[in-house]
1. Just want to confirm a number: the relative contact order over the chain, from Cα pairs under 8 angstrom separated by 6+ residues, in percent.
2. Could you sort out which of Lys100/Lys251; Lys100/Lys138; Lys96/Lys388; Lys96/Lys251; Lys100/Lys158; Lys158/Lys251 sit more than 31 Å apart by Cα distance in this structure?
3. Which whole number of Å³ per residue matches the convex hull of the alpha-carbon atoms in the stretch 337-396?
4. Would you please state the base-10 log of I(q)/I(0) at q = 0.12, 0.19 1/Å for the stretch 215-342, with intensities from the Debye formula using one equal scatterer on every alpha carbon?
5. Provide the net charge surrounding Glu85, with neighbours chosen by a C-beta distance below 10 Å and charges set as Lys +1, Arg +1, Asp -1, Glu -1.
6. Take the eigenvalues of the Cα gyration tensor for the chain, scale each by 5, and report the square roots as semi-axes in whole Å, largest first.
7. For a footprinting-style exposure proxy, rank Val66, Val47 by other Cβ within 10 Å, fewest first.
8. If I model the stretch 197-268 as equal point scatterers sitting on the Cα atoms and use the Debye formula, what is log10 I(q)/I(0) at q = 0.19 Å⁻¹?
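All of the numbers you see were taken from the coordinates with simple rules; none came from a lab. This structure is a prediction, so every number in the text was calculated from the model and none was measured. Positions of Cβ are backbone-derived with ideal geometry, glycine not excepted, and every protein chain shown enters the neighbour counts.
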Amino acid sequence: MQTLSQSPLDPDFVQNPYPFYDRVRQGGPFVQWPEYGFRVTARAAIVGAALRDRRLGREAPPEQAVDIPKHLEPFYAIERHSMLELEAPTHTRLRKLVTKAFTPRRIAGMQDEITALCHRLIDDLPEDGCDLLEHFAKPLPVIVIARLLGVPESDADKLLAWSNAMVQMYQARRDISLEEDAAQASADFAAYLGDLIETRRKAPGEDLISELIAVEEEGTHLTRDELVSTVILLLNAGHEATVHQIGNSVKTLIEQTVAPHWLEPARIDGTIEELLRFDPPLHLFTRWLYEDMEFQGQVLRKGERIGLLLAGANRDPSAWDDASVFDPSRPVRTNFGFGAGAHFCIGAPLARLELKLALPMLMERLQGLDLPRRPYYADLYHFHGLEKLQVTYTKR
Ligand code: HEM
């Protein structure tokens, strides 16, 4: 097995990790990535098979359990009940309960509200140019998810600050002060939601939190801890990735001079799938092996952890013709932007709806949308998203 060294903090890599993914894919079914200390794959067939096989999972096997440092306890108190970090049977139970509340009907019901919100954000943009990440991509998803959950919009800044502090825990570069901030944010967030859940328990509304309290599956409900973790997961997963997918998508649409007809209703779904394939914000997810297994002749051992390069698999030439080329005319086919299998993104329909409403409106109302300078990706490998998205336009 080949070893390929690559610092995830190397500025060239952060700006363009795809040449490394190509080398990984050409290097074999798996190559060792020493900076992470595990094997990774960028082959679509293996990534797809591994995501769909329940002999692998996100939850660490008991023999790999590590002692949680005391200062991180509030963070792990939430992670412990998060469906994203669990496997069957608890994952199955939680996911079924959440799916009952987070229905396609509820998401489709957000369409008019999201449309109005996009218009309002565009109305409020400076006249001829701005950082679109700050003024549009950041506020949109957090307000949408806050409204869906029934969290007061006036608390959106507080939620953003907690969420940002918590997701720093997934960074390649992390120090004690980041960890302490994440733990404090976790404690504050949990206390805030604990109160909100009690209020909704006493006086249920039409919101998703009230629905999550009420849903039942085979006689079980979400416990209080599970409710807090689920709402935090929906808030965190529900906005960071969407912010960066909007940013990356606008950058691609401008850089690739995508013609307006690719954003028309008949074609928009295919264009969005291609944007998710071409430049997704989440690149690397890991899985533990619960049994010995073989992939394309390479044996993996029980107890081992492997890395799945979703963004690398999205550009595998054996799965997509001219894989490194952005082509919205491709037949619509799901890629790995939202993962696959048991942990496939629960929020994909909501994220797709936000993109479907926001992108055509931005291109339509911000005439001549352009990049006065090249946008840079932020130096955080856990989110392949832009630092800023400075654009110029004439507003309509
Ligand atoms: C899971 C991507 C938006 C909630 C995932 C996974 C990916 C992903 C790749 C799978 C992780 C794995 O297999 O290990 C994205 C992207 C988004 C987005 C690219 C935006 C464009 C959202 C939204 C929500 C959401 C809007 C909720 C409102 C979740 C949840 C899971 C998840 C709860 C965990 C599902 C489970 O463990 O069963 N997402 N996501 N995501 N996502 Fe998303």
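1. Values: 596 pairs, mean separation 102.0, N = 396.
This gives 26 percent for the chain.
2. On the way: Lys100/Lys251 35 Å; Lys100/Lys138 28 Å; Lys96/Lys388 38 Å; Lys96/Lys251 36 Å; Lys100/Lys158 28 Å; Lys158/Lys251 28 Å.
Too far apart for the 31 Å limit: Lys100/Lys251; Lys96/Lys388; Lys96/Lys251.
3. Spread over its residues, the Cα hull of the stretch 337-396 gives 97 Å³ apiece.
4. -0.66, -1.10
5. -1
6. Ellipsoid half-lengths, sorted descending, are 30, 29, 20 Å.
7. Going from least to most buried by this count: Val66, Val47.
8. With one equal scatterer per Cα and no solvent, log10 I(q)/I(0) is -0.81.
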